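The values are calculated or read from the model by the stated rules, or taken from the named source; none is laboratory data. The structure displayed is predicted, hence computed values, not measured ones. Glycine also receives a Cβ, built like all others from the backbone with ideal geometry; neighbour counts cover every protein chain displayed. The protein model used for the area step is the full one, side chains on, heavy atoms only, and it has no ligands, DNA or RNA in it. Shrake-Rupley method; radii C 1.70, N 1.55, O 1.52, S 1.80 Å.
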There are 2 protein chains.
Amino acid sequence: MTAARSRDRATWGTVREELRARGMRWTPQRRQILQVLAATDGHITGSELLERCRKLDPATTPSTVYRTLDVLEELGVIRHSHGLDGREEFHVQPVAEHGHLVCSSCGASREIDAAQAAPIARAFRRTHDFDIFLDHLTLAGRCAACRAAQAG
Amino acid sequence: MTAARSRDRATWGTVREELRARGMRWTPQRRQILQVLAATDGHITGSELLERCRKLDPATTPSTVYRTLDVLEELGVIRHSHGLDGREEFHVQPVAEHGHLVCSSCGASREIDAAQAAPIARAFRRTHDFDIFLDHLTLAGRCAACRAAQAG
DNA sequence: CGCCTTACTGCAACTCGTCGCAGTTGCATC
DNA sequence: GATGCAACTGCGACGAGTTGCAGTAAGGCG
């Protein structure tokens, strides 16, 4: 089991209190989902999470997993963006707002951090009077390697 | 029936020849799907298209509609991007590469044209060595009106 | 410790979209 | 106009994700 680099243990521990503070409940199912998320680095889709939960407990049901993801997103514990196919991908680390750059050819993915995106966000604010949510952003394109491979 | 401003009639008419040129066939089902698309301005999802086709012919089946959309995209007749929920949205007008700006609060949508996006594309080319496909781009955010309404 | 409220779970049914397969039919050729 | 190939259609089953509902259980309170 690779250790969770995403959030440190203490931070995951606060989820229980955050739930309680909102009148929500700490259940075995939620505890298990959190456990799987804590062991996840980077991104995970709903169905991947469901699958991993089922390895620990085959009785896990889809609706509970998807509803828990919604709750955790409301708490700010996770966030989602969309992959190239439009599928939701959840980020386990809300450490910093960031977007994604995904290559349509090879599927390689890189992050865009807030600093890099700032000039772009400013541009849209100025030209379109529009605030961009970087978190939700996935840009499709072609990476350098695929460009070289395809077009010489 | 609002006239199709998207492509002029002549352009739609070439689809049949484009299909034939690739060894593909002109079928009543495809003819009807094209007819519905020709009467569509802007964007449409697969299920919306299916629904409209069923109004003309209740026997229309999902697989034919979705497969035809793929074919038409291959021909360059339509293109898709993803809405905020990740659902595919097809653009009927391939007149110009463009992206979208969608407000998470009110759903309002604006287009980003190639000229506006050019500096951004250049930036990613330079900093990440990555070519962005503007067509596929949908930026989530908050429009001026919603910002004003929510945050004074 | 037991009660009570209500958030939560699990089920079943549903939507959207995809895929393999068998039967159909466009269309090129004779 | 008939023939034959293979692209296409429609079917049925499936996977991902959502929702309403009835039953379960978290956890606050006495």
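Observations
- Residue list for region A:94-118, filter: facing chain B (nearest Cβ under 9 Å) and open to solvent by 70 Å² or more (accessible area, probe 1.4 Å): A:110, A:116
- Filter result for residue B:56 (open to solvent by less than 40 Å² (accessible area, probe 1.4 Å) and away from chain A (no Cβ under 13 Å)): no
- Within region A:97-114, the set of residues being in a loop (DSSP other than H, G, I, E, B) and over 18 Å from residue B:141 (Cα atoms) comprises A:104, A:105, A:106, A:107, A:108.
- When restricted to residues that are open to solvent by 30 Å² or more (accessible area, probe 1.4 Å) and either of a type in the set (Val, Ile, Thr) or more than 17 Å from the chain's Cα centre (by Cα) (or both), region A:31-40 contains 2.
- Cβ separations smaller than 7 Å between residues 6+ apart or across chains give the following pairs from region B:37-52 residues that are in the same structural domain as residue B:84 (by TED's automatic domain parsing) and farther than 18 Å from residue B:135 by Cβ to residues that are open to solvent by 20 Å² or more (accessible area, probe 1.4 Å) and within 16 Å of DNA strand D (Cβ to nearest atom): B:50/B:62.
- When restricted to residues that are at the interface with chain A (Cβ under 7 Å from one of its Cβ atoms), surrounded by fewer than 17 Cβ atoms within 10 Å (Cβ to Cβ) and of a type in the set (D, E, K, R), region B:119-146 contains 1.
- Checked against the criterion of being within 12 Å of DNA strand C (Cβ to nearest atom), surrounded by fewer than 18 Cβ atoms within 10 Å (Cβ to Cβ) and within 10 Å of the chain's Cα centre (by Cα), the candidates B:73, B:18, B:51 yield just one match: B:73.
- Selection count, region A:70-93, where residues are within 20 Å of residue A:16 (Cα to Cα), of a type outside the set (Lys, Arg) and within 14 Å of chain B (Cβ to nearest Cβ): 3
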